[in-house]
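J.: Questions regarding the structure given below will be posed in turn.
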Amino acid sequence: MGKVKIEGLDKLQEKLQKLEGKAREGVVKVLDDSALAVLRSAQIKCPVDTGNLRASLTKEVNKEKLYAIVGTKIEYAPYVEYGTGIFGLRKTRLTKAPPPGALEDWAKKHGFESGYIVSRAIFRAGGVRPHPYLRPAYEENRKDINANIKQAVLEAIKKL
């Protein structure tokens, strides 16, 4: 059996390792910048009552696995984004009213006697309409994010 010797293989491997590092640096910067753009857009689009939801929005970039998250840990955020009951993603009828205690502060702030009244109103209406802010913020920036990631990789290749 014949042998094949590839000259310059070690140099190619070295360049590919450099490419990975440079491309990673560029992509991390794009992810951070993009997450910030989505965060700012979400903050603008976020419905405001007390301001808690808007103030809770954050961004996080994972440099190892190369992804970014923009979101919140506020428990009622999905109900605002997606709605509930017949207005929600599943468009199903509510089988029970939301817990009145969870609505107590909101009800008092808006002049209602108790959270129970608001809870019953939500149940009778069939749910709460969605007020999307995160998904539209991402969609507004999606094309730029993809183009910027591609550009960062191409720039890394040019620098080899």
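J.: Over the stretch 84-129, what is the mean sequence separation of C-alpha contacts under 8 Å (at least six apart), divided by residue count, expressed as relative contact order in percent?
T.: 46 percent
J.: Along each principal axis of its Cα atoms, how long is the chain end to end? Whole angstroms, biggest number first, please.
T.: Here the Cα extents, ordered largest to smallest, are 86, 37, 23 Å.
J.: Suppose only helical runs count, i.e. DSSP H with n ≥ 4. What mean residue ellipticity at 222 nm does that imply for the chain under -39500 (n - 2.57) per run, divided by all residues and rounded to the nearest 500 deg cm²/dmol?
T.: Numbers: 6 runs with 94 residues, N = 160.
Roughly -19500 deg cm²/dmol at 222 nm, from the helical runs in the chain.
J.: Normalised by the number of residues in the stretch 48-160, what is the relative contact order in percent for Cα pairs under 8 Å and 6+ residues apart?
T.: Averaging sequence separation for qualifying contacts and normalising by length gives 22 percent for the stretch 48-160.
J.: Give the peptides 100-107, 86-93 in descending order of average Cβ contacts within 10 Å, highest first.
T.: 100-107, 86-93
J.: Tell me, what HN-Hα J-couplings in whole Hz come from the Karplus equation 6.51 cos²θ - 1.76 cosθ + 1.60 at θ = phi - 60° for each residue of the stretch 63-73, using x for Gly and Pro?
T.: Along the stretch 63-73, the couplings run 6, 6, 9, 6, 8, 10, 10, 10, x, 8, 9 Hz.
J.: May I pose another question? Is there a quick way to get the dipole size of the stretch 84-129? I mean about its Cα centre, with the Cβ of Lys and Arg at +1 and of Asp and Glu at -1; what is the value in debye to the nearest 20?
T.: Result for the stretch 84-129 is approximately 320 debye, rounded to the nearest 20.
J.: Once Lys and Arg get +1 and Asp and Glu get -1 on their Cβ, which of 58, 42, 148 lies farthest toward the positive end of the dipole of the stretch 24-160?
T.: Of the candidates, 148 comes out farthest on the positive side.
J.: Give or take rounding to whole Å, what are the principal axis extents of the alpha carbon atoms in the stretch 84-129, in descending order?
T.: Taking the Cα atoms of the stretch 84-129, the three principal extents are 30, 16, 15 Å.
J.: Additional query: Could you order peptides 150-159, 33-42, 112-121 by the average number of other Cβ atoms within 10 Å of their residues, highest first?
T.: 33-42, 112-121, 150-159
Read-outs: derived from the displayed coordinates by stated rules, not from any lab. The structure presented is a predicted model; accordingly, all values stated were derived computationally and were not measured. Cβ: placed from backbone, ideal geometry, glycine included. Neighbour counts: every protein chain shown.
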